Every structure is written in C-alpha cells, then in structure tokens.
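The values are calculated or read from the model by the stated rules, or taken from the named source; none is laboratory data. Worth saying up front: this structure is predicted, and the values here are computed from it rather than measured. Note that we place each Cβ from the backbone using ideal geometry, even for glycine, and neighbour counts take in every protein chain shown.
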C-alpha cells in the first residue's frame, strides 16, 4: 500500500514549491487536481488495482486504502484485455519501426 501512496503522490512537487517560496498546500492541491495527474493516475492504477485483486491480495485493508485514495473503482478493470491491446500496439510499433528502418536504409544507400 505504501508503494501505491508514493506513486499517487509522486509528482506533487513539494520541493519545487518550497524552493520557489510558493504556497505548498495550494500548489499541491492544484497539481493533484490537474488533468495531467488524472491521466497519470488512471493509466497507472487501471492496471495495478485489478491486478492486486486478481492475485488475491484483496483484503479489507487494501480495499480501504484504495477507497481512501479514490482508486477503488478500477478494481473491475479488464487486465487481460489491456494486455491484449498492449501486445497489438507493440506489434504495430514493431512494424512501423521496421518500415522506418527500411526507408532509412534506402535513403542512405
């Protein structure tokens, strides 16, 4: 759970706001509610939470911590489907990289 808390709060920038003399609480709240943080956390916890549930670590303490973090809703995510999509994206990327390498080889020949 500690790791999840650290990942959740990873980019709040405490040190930056303190060094700049800005109000830390206000800056942290702004960053915490930003679109960038929402996307980061969604991408991260959409995989972590259902995986923790799938491997059987879904006890009351874990559920409470996830509820407190506001990420409990990811529990029913489709980890297998995400993995299949990842594999398809990887295949597409590999094909594109081969295409680029082929074009580069022709251009330098």
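For residue 43, all conditions in the list (1) part of a helix (DSSP H, G or I); (2) at pLDDT 90 or above; (3) surrounded by fewer than 16 Cβ atoms within 10 Å (Cβ to Cβ) hold save one; what is the number of the exception?
Single failed check for residue 43: (2).
State all residues of segment 67-109 that are in contact (Cβ under 8 Å) with a residue 40 or more places away in the chain and assigned to a helix (DSSP H, G or I); if no residue qualifies, say none.
Answer for segment 67-109, where residues must be in contact (Cβ under 8 Å) with a residue 40 or more places away in the chain and assigned to a helix (DSSP H, G or I): just 69.
Looking only at segment 14-29, decide whether some residue is surrounded by 16 or more Cβ atoms within 10 Å (Cβ to Cβ), outside any loop (DSSP other than H, G, I, E, B), at pLDDT 90 or above and touching a helix residue (DSSP H, G or I) at 6+ places or on another chain (Cβ under 6 Å).
Within segment 14-29 (the criterion being surrounded by 16 or more Cβ atoms within 10 Å (Cβ to Cβ), outside any loop (DSSP other than H, G, I, E, B), at pLDDT 90 or above and touching a helix residue (DSSP H, G or I) at 6+ places or on another chain (Cβ under 6 Å)), the answer is yes, since at least one residue qualifies.
Here is a check on your reading of the model: is residue 56 assigned to a loop (DSSP other than H, G, I, E, B) and exposed (fewer than 10 other Cβ atoms within 10 Å of the Cβ)?
The answer is yes for residue 56.
Determine whether residue 64 is free of Cβ contacts under 8 Å to residues at least 60 places away in the same chain and within 30 Å of residue 13 (Cβ to Cβ).
The answer is yes for residue 64.
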